[in-house]
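Enquirer: This is the structure, below, for whatever I ask next.
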Amino acid sequence: MSISIHLENLTKRYDALTAVDGLSLDVRTGETYALLGPNGAGKTTTVEILEGLRASDSGTVEVLGLNPVSDRTRLQRRIGVMLQEGGVYQGAKAREVVSLFASYYPSARATDELLELVGLADRATTLHRRLSGGEKQRLSLALALVNRPQLVFLDEPTAGMDPVARRTTWEIIEHMQSEGVTILLTTHFMDEAERLADRVGILNHGRLVAEGSPSDLIQARGDVSFVSVPQLPVEELIEEIGIDVREVRTGFYVVTTDTPSPALVSNVTAWLANRDALITELRVGAGGLEEVFLALTEENNR
Ligand code: ATP
């Protein structure tokens with residue numbers, strides 16, 4: 001199996017703050033790996049180190065077999081980076097932005113082919129500053145694909161998009177996947193990670209707290225979750241069952257455990273019945289990646 005990204009014991013400090021704390025992970029060639037984590041978990045710092053934009057303090061970093069700092073020029077030819085809006089001249093038309101970018105690479109994709117791919121063919125002559133937020137994001141995606149990269153970094157690719165634009169972007173990403181491109185994705189949308197990622201890594205305080213395919217991570221959790229009236233006094237339930245319980249959304253509670261039992265479920269429902277609180281839903285195991293994420297990042301925050 002070939003590896004496109006290899007990180008071993010990566011550490012990055014900003015003064016007293018350790019933003020990335022001994023992170024080790026591998027991204028296999030051709031896979032889509034989603035780096036997830038709450039705000040400040042260290043995702044952007046990690047991605048910037050991989051792109052060669054930031055130096056690490058210690059640890060091993062290999063991207064396509066290269067050192068992102070000392071081999072930056074060679075690496076840049078082979079990777080695609082979705083830049084944030086600031087990197088583009090606002091007064092240029094969409095087609096001009098792409099063709100200027102393409103002129104930096106000897107074997108760039110044709111500009112019109114790229115605009116077609118990201119669904120902006122009918123915006124080719126629109127000024128960049130007149131494009132909607134979602135269209136600007138798609139233009140950034142086109143720029144990331146200009147040089148036919150083997151590896152693409154997508155940092156929150158659908159942030160700020162409406163549901164239709166998000167779906168279009170997912171389809172573009174799936175097209176890249178079908179071409180065998182390796183993708184490192186960061187996102188705050190768990191449905192996006194579930195749909196696109198072969199594997200996810202959940203970061204918390206700069207450390208990897210879980211890694212695996214979305215379905216394996218979901219199946220590995222044994223949490224008991226239930227829906228009932230909002231603002232129940234969960235500290236009383238915690239005292240009763242000796243296990244952490246949180247209201248993660250209004251009226252949606254998670255009892256965090258890897259080892260659910262009939263007795264636990266019965267104790268929880270009995271406690272609710274004593275309070276005359278009706279359960280409208282009860283589930284053992286995580287229903288989705290969002291529950292896994294909430295359970296793991298909260299557990300580790302305590
Ligand atoms: P978000 O989801 O909010 O984008 P993130 O997981 O990408 O967060 P980072 O941006 O990598 O997190 O930040 C990790 C930590 O390092 C945060 O506490 C942040 O405040 C801090 N940090 C990031 N860049 C710097 C910097 N240049 N100087 C000092 N501290 C920084």
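Enquirer: Which of the residues belonging to region 201-213 are surrounded by 20 or more Cβ atoms within 10 Å (Cβ to Cβ) and more than 14 Å from the ligand (Cβ to nearest atom)?
Expert: The one that is surrounded by 20 or more Cβ atoms within 10 Å (Cβ to Cβ) and more than 14 Å from the ligand (Cβ to nearest atom): ALA210.
Enquirer: A further question follows. Looking for something within 12 Å of the ligand (Cβ to nearest atom) and under 30 Å from HIS175 (Cβ atoms) - is there at least one such residue anywhere in region 1-20?
Expert: no
Enquirer: Another one. Take the residues of region 170-198 that are among the polar types (S, T, N, Q) and in contact with a strand residue (DSSP E or B) (Cβ under 9 Å, 6 or more places away or on another chain): which is nearest to VAL27 (Cα to Cα)?
Expert: THR182
Enquirer: Within region 214-236, count every residue that is open to solvent by 20 Å² or more (accessible area, probe 1.4 Å), of a type in the set (Ser, Thr, Tyr) and either outside any helix (DSSP H, G or I) or touching a Phe, Trp or Tyr at 6+ places or on another chain (Cβ under 6 Å) (or both).
Expert: So the count comes out to 0.
Enquirer: In addition: Just for helices (runs of 4 or more DSSP H) wholly inside region 48-145: which have at least 1 residues that are open to solvent by less than 30 Å² (accessible area, probe 1.4 Å) and under 30 Å from SER24 (Cα atoms)?
Expert: Filter on region 48-145 gives 72-78, 133-145.
Enquirer: Next question, about the same structure. Can you give me the number of residues within region 15-59 that are more than 13 Å from HIS205 (Cβ to Cβ), free of Cβ contacts under 8 Å to residues at least 24 places away in the same chain and not acidic (Asp, Glu)?
Expert: Number satisfying all stated conditions: 3.
Enquirer: State yes or no: is ASP155 out of contact with any Gly (no Cβ under 9 Å at 6 or more places or on another chain), closer than 24 Å to ALA41 by Cα and in contact (Cβ under 8 Å) with a residue 12 or more places away in the chain?
Expert: yes
The values are calculated or read from the model by the stated rules, or taken from the named source; none is laboratory data. Remember, predicted model here, so these are calculated numbers, not experimental data. FYI the Cβ positions are ideal-geometry reconstructions off the backbone, even for glycines, and counts take in every protein chain you see. Note: areas computed on protein heavy atoms with side chains; ligands, DNA, RNA excluded. Shrake-Rupley method; radii C 1.70, N 1.55, O 1.52, S 1.80 Å.
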